[in-house]
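Notes follow the structure.
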Amino acid sequence: MRKTCYLSVIALCLFAGLNGYAQKTITKIDRKALVERHKVMNTKVDPLSSLTVGNGRFAFTVDVTGLQTFPETYEKGVPLGTQSEWGWDSFKDTAGYKFEESLKNYHINGRDISYGVQVKDPKRSNDAGNWFRENPHRLQLGNFGLLILKKNGSEATIDDIKDIHQVLNPWNGEIKSHFTVEGESVDVITYGHQVADAVAAQITSTLVKEGRLKVTLKLPYPTNQFTDMGVNYKNPEKHTSGIGVVYGNKANIWHQLDAMRYWMDLEWSGKASLTKAKTHEFLISPDKVSDVLAVSIKFYPLAKKVLSPVNFEETKTSSINEWKKYWLRGGAVDFSGSTDKRAFELERRVILSQYLLKAQEAGQYPPQETGLTYNSWYGKPHLEMHWWHDVHYPLWGREDLQERSMGWYQDIKGKAKAIAERQGFKGVRWPKMTDNAGEESPSSVGAFLIWQQPHYIYMAELDYRNHPNNETLQKYKNLVFADADFMASYAYFDKVKKHYTLGPGLIPSQEVHNQATTINPPYELTYWHWALGVAQKWRERLGLPRDKSWDEVMNKLAPLPQQDGVYLAAESAPDSYTNPKNKTDHPSQLAAYGMMPYSKMMDTTVMRKTFDLIWTDWTWSHTWGWDFPMAAMTAARLNMPNKAIDALFMPVTTNTYLNNGHNYQDDRLTIYMPGNGGILTAVAMMCAGWDGCKVKNPGIPKDGTWKVKWEGLKKMP
């Protein structure tokens with residue numbers, strides 16, 4: 001009898017467990033239909049509408065041919081990049097620069113503190129600063145495209161590409177491209193492998209059988225410029241390349257740069273010859289047996305050749321399976337049924353942002369602002385942007401994708417500790433502009449930013465909310481505490497005002513302010529107070545006593561600066577709304593509430609008046625893509641859902657979302673991934689709310705014009 005009861009209990013538990021699992025996986029939203037109604041279509045050559053396949057660690061962007069056939073045509077638009085998270089190089093340092101040469105002492109709060117800046121004089125220091133900004137730089141790994149010959153034997157140009165019909169299906173990561181050349185059809189299907197750093201395409205055309213369609217690989221040289229569009233074919237003598245092993249329908253090619261050597265494994269269907277057509281240019285010429293050619297290329301960094309390509313079918317299967325898993329897990333938002341015409345566009349931005357961020361920014365390192373398409377700031381990530389790049393992942397129930405890059409902070413903790421020690425602070429100070437190794441990049445602005453500092457605590461707390469257990473606490477506790485130690489030691493006690501101040505020697509997130517005079521910007525003050533409080537909670541969760549120095553700073557932190565009933569950009573900026581310069585860049589007063597939970601430091605009446613003033617008086621044409629989601633989150637917390645939607649659709653150039661889903665800024669930054677991450681963070685919060693929020697869909701208008709279904713989203717703090 002007891003055995004029967006025992007088995008019954010087991011059966012019931014198993015049933016309950018399976019039923020619970022089913023409840024977690026059953027979806028009310030038709031996710032495939034939701035995603036596929038936002039396929040991207042191109043019917044003409046548009047350099048701003050190139051399309052990407054990728055796995056988050058490697059991305060490959062194509063033109064209307066489905067490969068990278070005309071990279072120079074797209075150079076001024078969204079370039080045809082091939083980038084990986086491991087692909088970095090440094091030019092040869094023939095001058096023997098040392099980072100210490102970029103350091104400059106600033107007398108701050110009674111003592112000298114050194115910062116790595118762009119020193120203009122003497123020339124040696126200036127050159128050293130530039131060297132460490134430019135090196136290492138992220139690589140454009142290669143241009144993998146088509147060579148199409150016309151009937152007269154000349155190469156087809158972009159003007160010869162006609163009858164274009166290209167579709168990206170984000171549901172499976174497939175790009176189908178159709179076009180004609182002199183009336184002959186060409187069809188290309190492109191996929192990105194979701195494990196290997198590889199891309200594969202199947203090309204169908206009578207031009208293949210006629211010997212008039214071949215596949216090329218061009219290897220550009222890196223630039224020392226702010227951007228790298230992957231089309232620098234100059235300086236062939238500065239790098240070397242060649243064919244390694246050819247084995248049947250497989251081969252590899254090596255590329256040696258100053259500090260990086262990497263390989264490309266190729267595979268093709270049928271018989272073909274691989275030749276070196278020109279310096280750093282290779283050609284796959286298929287035989288004239290079939291009108292179908294499948295090709296693949298895999299990139300990897302190894303000193304020795306390892307021939308292990310992945311073919312088209314493997315890549316196709318990987319893409320289809322993994323993208324389906326991605327879309328079926330985590331959150332989803334469906335705006336169908338809304339009569340507000342903006343609803344469909346918002347849904348499009350949400351779907352394509354999820355696609356782009358998963359394809360380009362789901363790796364082991366903080367991403368750069370232009371993802372894995374092309375270099376901005378030499379390809380280096382900016383840590384203050386890590387919040388905008390990654391916080392959406394746990395809010396959409398995909399916290400594992402944020403966790404991937406969290407481990408990087410552990411890897412560079414020694415360097416962050418060295419920065420803090422050099423400057424006379426405790427704990428770890430995270431660099432602003434950095435690289436995979438966590439090195440500082442000299443900057444006369446970035447060196448003085450501090451709002452990247454609490455991000456680690458914020459992201460660790462989000463992970464704990466999804467996994468509230470001792471394992472999570474043990475995983476992050478040391479850096480959470482080291483982070484808080486720096487924050488507490490950075491705050492300076494003003495003996496006259498009897499409170500702790502932030503600054504000077506500080507440039508706030510609104511970067512127009514002078515480091516020499518700026519003190520107490522409201523967002524940074526609020527973030528300091530919140531993050532120190534969370535660090536104390538972590539101590540309590542672990543059964544540890546509260547840290548007295550953290551409490552001292554929290555309890556005596558300077559009040560948020562205000563004047564005439566509105567919050568100032570900083571205590572040192574009483575002209576926040578009268579000086580035109582101070583009404584440009586990020587209106588980060590709003591971040592003190594939009595990005596932060598409610599705090600006793602803040603008065604919502606003052607914040608509402610601040611919001612209204614900024615809404616009408618800010619120079620919105622001089623802002624950035626994440627400023628609009630930030631304003632939307634502040635509006636939602638202030639119970640202004642209509643304004644939240646209006647903020648997301650403010651008619652400003654930097655709030656433009658291209659046909660391919662990218663957030664456009666200007667000719668210099670044609671894509672800006674923090675804007676895409678911001679859209680996802682804002683929409684999650686506008687639907688699921690935040691801690692203590694009792695309103696359903698608090699950021700969605702209640703006038704009947706908006707219908708929203710969502711599932712799998714998490715509340716913000």
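The numbers here are math on the coordinates, done by the rules we state, and not lab data. Model, not experiment: these values are computed from the prediction. Quick reminder, even Gly has a Cβ in these numbers, built from the backbone with ideal geometry, and neighbours come from all protein chains shown.
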Positive-end residue of Val534, Gly677, Ala573, charge dipole of region 534-681 with Cβ unit charges: Val534
Ascending count of other beta-carbon atoms within 10 Å, so fewest first, for Arg57, Arg37: Arg37, Arg57
Positive minus negative residues near Ile284 (Lys, Arg vs Asp, Glu; Cβ under 12 Å): +1
Principal axis dimensions, largest first and in whole angstrom, of region 333-711 by Cα: 56, 46, 43
Within region 452-502, trypsin sites (Lys or Arg not before Pro) in DSSP loop having at most 11 other beta-carbon neighbours inside 10 Å: Lys495, Lys498
Enclosed volume per residue, in Å³, of the convex hull spanned by Cα atoms of region 498-633: 114
Rg over Rh, two decimals, region 362-426 (C-alpha only, Kirkwood Rh): 1.04
Kirkwood Rh, Cα atoms: Rg over Rh of the chain: 0.99
Sum of side-chain charges, Leu213 neighbourhood, beta-carbon under 14 Å (Lys, Arg +1; Asp, Glu -1): -2
Packing-based ranking, highest mean first, of 390-401, 146-157, 639-650, 271-282 given that Cβ atoms within 10 Å are counted: 390-401, 639-650, 271-282, 146-157
Charge sum, other residues only, whose C-beta stays under 13 Å from Ser588's C-beta, Lys/Arg counted +1 and Asp/Glu -1: -4
Rg to Rh, two decimals, where region 102-144 supplies the alpha carbon set and Rh follows Kirkwood: 1.27
Whole-number percent relative contact order across region 665-717, with pairs defined as alpha carbons under 8 Å at least 6 apart: 34
Spin-label proximity, Asp160 to region 49-93 - amide N less than 17 Å from point 7 Å beyond Cα toward beta carbon: 64-73
Cα radius of gyration and Dmax for region 221-302 (Å): 14.5, 46
Packing-based ranking, highest mean first, of 692-701, 60-69, 196-205, 42-51 given that Cβ atoms within 10 Å are counted: 60-69, 196-205, 42-51, 692-701
The chain: relative contact order as a whole-number percent, Cα under 8 Å and 6+ apart: 13
Phe226 paired with Val652, simple spin-label distance in nm, labels 7 Å along Cα-to-beta-carbon: 1.9
Rounded to the nearest 20 debye, dipole of the chain from Cβ charges on Lys, Arg, Asp, Glu: 1720
Debye, to nearest 20: dipole size of region 333-711, +1 on Lys, Arg Cβ, -1 on Asp, Glu Cβ: 700
222 nm mean residue ellipticity, helices alone, for the chain (DSSP H n ≥ 4; -39,500 (n - 2.57); rounded to 500): -10000 deg cm²/dmol
Ascending count of other beta-carbon atoms within 10 Å, so fewest first, for Tyr577, Tyr593: Tyr577, Tyr593
Exposure proxy ranking, count of Cβ atoms within 10 Å, fewest first, for Thr339, Thr190, Thr434: Thr339, Thr434, Thr190
Crossing angle, helix 312-328 versus the chain [Cα axis fit, 0-90 degrees, rounded to tens]: 30
Label-reachable residues, region 202-224, where backbone N falls under 11 Å from a point 7 Å from Lys288's Cα toward its Cβ: 209-212
Tyr247-Lys209 pseudo-label distance in nm [points 7 Å out on the Cα-to-Cβ vector]: 3.3
Amide H within-cut-off set for Lys707, under 5 Å, with H built and near neighbours excluded: Ser338, Thr339
With eigenvalues of the C-alpha gyration tensor scaled by 5 and rooted, region 41-95, Å: 27, 15, 8
Among Asn660, Ala362, Pro222 - extreme Cα towards positive end, dipole of the chain, charges at beta-carbon: Ala362
Principal-axis tilt of helix 413-422 within the chain, Cα atoms, nearest 10 degrees: 50
Relative frequency of Cα-Cα separations exceeding 22 Å in region 430-539, percent: 38
Angle in degrees between helix 123-134 and the longest Cα principal axis of the chain, rounded to the nearest 10: 70
